[in-house]
1. If you go through the range 41-70 one residue at a time, how many are open to solvent by 60 Å² or more (accessible area, probe 1.4 Å), more than 16 Å from ALA155 (Cα to Cα) and among the hydrophobic types (A, V, I, L, M, F, W, C)?
2. Of all residues in the range 119-162 being touching a strand residue (DSSP E or B) at 6+ places or on another chain (Cβ under 7 Å) and part of a helix (DSSP H, G or I), which is farthest from LYS28 (Cα to Cα)?
3. Looking at LEU62 and the list (1) of a type in the set (A, V, I, L, M); (2) free of Cβ contacts under 8 Å to residues at least 12 places away in the same chain; (3) in a helix (DSSP H, G or I), which single condition is not satisfied?
4. I'm told THR98 meets every condition in (1) loosely packed, with under 11 Cβ neighbours inside 10 Å; (2) not in a helix (DSSP H, G or I) except one. Can you identify the failing condition by its number?
5. So if I check each of ILE73, ILE166, which one is in a helix (DSSP H, G or I), at pLDDT below 95 and surrounded by 14 or more Cβ atoms within 10 Å (Cβ to Cβ)?
Amino acid sequence: MATSSSPPQIGSEVVAERRGIPAASFVKDVQAYLNQLGLDVNNTLAFLQERLQQYKVVEMKLLAQQRDLQAKIPDIEKCLDVVATLQAKKDSDEALLTDFEVSEGIYARARIENADSVCLWLGANVMLEYSCEEATTLLQNNLENAKASLEVLVADLQFLRDQVTITQVPI
């Protein structure tokens with residue numbers, strides 16, 4: 001029985017991959033494809049169905065990453081807006097009155113005067129204090145990286161959907 005680690009190749013056609021996602025071979029002539037693999041119809045169908053399941057698993061992982069990034073980007077933009085607001089209030093010597101969430105559904109009112117620095121939650125129970133300029137730079141870099149990662153994920157998902165379609169045709 002064919003293994004999924006060795007994708008089929010026809011003639012001199014080299015099967016490429018994108019970021020670890022193996023490319024599917026387009027089957028132009030079924031008999032030539034079966035002869036090239038040296039397998040019978042049942043084993044070839046089993047191989048194609050196994051590859052299709054692998055594509056589905058990868059698609060689920062990529063979709064989860066896409067959802068995470070799509071949720072992360074607005075959060076970063078919101079943080080950038082807050083830091084910009086703090087910088088604007090600092091320059092005007094005006095106190096900022098705001099409500100912030102202490103716990104789920106519990107808010108407290110704060111008066112912020114001369115905010116020279118902000119604390120950013122980095123995750124994994126880590127919070128660091130940055131100057132407003134450093135925080136803006138860090139958040140802008142994070143936003144650019146998240147948007148670039150989202151673009152790559154969208155391209156990977158499109159490639160993966162093409163491979164699923166190519167694999168489903170001969171099945």
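1. Summing the residues that are open to solvent by 60 Å² or more (accessible area, probe 1.4 Å), more than 16 Å from ALA155 (Cα to Cα) and among the hydrophobic types (A, V, I, L, M, F, W, C) in the range 41-70 gives 2.
2. Narrowing the range 119-162 to residues touching a strand residue (DSSP E or B) at 6+ places or on another chain (Cβ under 7 Å): 119-122, 127-132, 135, 138, 156, 159-160.
If we keep only those that are part of a helix (DSSP H, G or I) too, we end up with 132, 135, 138, 156, 159-160.
Values: CYS132: 60, ALA135: 55, LEU138: 51, ASP156: 25, PHE159: 20, LEU160: 20 Å.
Going through the qualifying residues, I end up with CYS132.
3. Going through (1) of a type in the set (A, V, I, L, M); (2) free of Cβ contacts under 8 Å to residues at least 12 places away in the same chain; (3) in a helix (DSSP H, G or I) one by one, LEU62 breaks only (2).
4. (1)
5. Details: ILE73 fails: at pLDDT below 95.
Matching residue, one of ILE73, ILE166: ILE166.
The values are calculated or read from the model by the stated rules, or taken from the named source; none is laboratory data. Worth saying up front: this structure is predicted, and the values here are computed from it rather than measured. Don't worry about glycine lacking a Cβ; one is built from the backbone with ideal geometry, like all the others, and counts go over all protein chains shown. Note: areas computed on protein heavy atoms with side chains; ligands, DNA, RNA excluded. Shrake-Rupley method; radii C 1.70, N 1.55, O 1.52, S 1.80 Å.
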